[in-house]
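What follows draws every value from the coordinates through simple rules; no lab data is involved. All values reported here derive from a predicted model rather than from experimental measurement. Cβ: placed from backbone, ideal geometry, glycine included. Neighbour counts: every protein chain shown.
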């Protein structure tokens, strides 16, 4: 049995589109989804946010959920993305797929509305948002919730791929979902890394990140299994790597050790060399620390042969725990449609920093890409995605 892990379906929801069709147009045209808060009940209207342009009521209507039913926004976003992924992959319900969903915020938008003495109730814990998504579809065999901050969704894909390759599951739906919440926004503000202007990853004037929200999921299975049921591989998840350098609770290590190790492992798992990579979707948050650290890691691994690089967080904001899967879907769309997405907001490189693509450009001969997602505590993950022939 072939153990090459293929992606037979994907779905995505973010500030630049609900569904991959809207998302593709936004990526090609460089449309930013950043604006003042519309749905998050915050007083900080001055801060750009990457909100999904749908209210909870509108998402419930799309999903056939009664308006009166209490559902966390994280779960609603996730349901939309899972639904699209399953529609593309075809009926996999008979295979009782596992569901692996990364998140950190979880049901926090609900708990923020509860009295203080009920906020720790297990009904609304982090994993509950994943279970609510799984219950909506009703056929998942197992539900797993990785929570490693901003690498959560990427780690969900990595775990899913390992389960497929080990023969533990026939099908896995993996990804992540994250909504914006007050604690989410104010927590990042307390770290003094939120920019009051649209963020500028890798730019000399970068001053922090903009927070965003969204969800993305992929359907993973072996290539042989997909073909046997008549499904068409959309891309391949050929490599993955995770490393924790534990440099600091929130800051990346100055030399990018964790990032370097994660990318190196992804290449090793795929059996590829740095020269095989044609594009890197960087973590690229727009904070001075991250962009410098990631630049060092990229230059250390690729040297003078650094491939095209960009961060798409200038379009969506930083979707934190969901970013790894959202940007993995961006990579799939780029491979399928022959372009590389641009790095919105970039004008001037900083000393020692990588120089990203400013606008979307045609991709020539790109077969393999890396997608980086780096979390607090130095929990860094890199995914290697390959084009389906």
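Between the alpha-carbon centers of segment 250-318 and segment 67-88, tell me the distance in whole angstrom. Cα centres, segment 250-318 to segment 67-88: 31 Å. Here segment 277-316 was treated as a single set of alpha-carbon atoms; its pair distances binned every 5 Å from 0 give 6, 24, 32, 24, 12, 3 percent. Taking other C-beta atoms within 10 Å as the exposure proxy, 51, 87 rank 87, 51 from fewest upward.
Using only alpha carbon pairs under 8 Å that are at least six residues apart, calculate the relative contact order of segment 5-228 and give it in whole percent.
Details: 463 pairs, mean separation 67.3, N = 224.
Relative contact order, segment 5-228: 30 percent.
Under 1.5 on a/c is rounded, so check that first for segment 317-362, then, if it is not, pick prolate when a/b is larger than b/c and oblate when it is not; a ≥ b ≥ c are the square roots of the alpha carbon gyration tensor eigenvalues. The shape class here is oblate.
Computed over segment 174-302, relative contact order equals 28 percent, with contacts defined as Cα pairs under 8 Å that lie 6+ residues apart. Pick out which of 208, 30, 187 has the largest mean-square fluctuation in a Gaussian network model of the chain, springs linking Cα atoms closer than 10 Å. Result for the chain, Cα springs under 10 Å: 187 fluctuates most. Largest GNM mean-square fluctuation among 197, 84, 58, using the chain with Cα springs under 10 Å: 58. Mark the label point 7 Å from the Cα of residue 337 along Cα→Cβ and return the residues of segment 25-56 whose backbone N is within less than 19 Å of it. Residues 25-34, 52-53 fall inside that zone. Quick check on segment 239-387: take the gyration tensor over C-alpha atoms, sort the square-rooted eigenvalues as a ≥ b ≥ c, and tell me if it's rounded (a/c under 1.5), prolate or oblate. Rounded, since a/c falls under 1.5. Taking 0.36 nm per residue of separation and subtracting the current Cα-Cα distance, fully stretching the chain between residue 31 and residue 131 would add 32.7 nm. Here the contact order of the chain, divided by its residue count and restricted to Cα pairs under 8 Å and six or more residues apart, works out to 24 percent.
Distance between the modelled labels on residue 112 and residue 38, one decimal in nanometres: 1.7 nm (7 Å Cα→Cβ projection).
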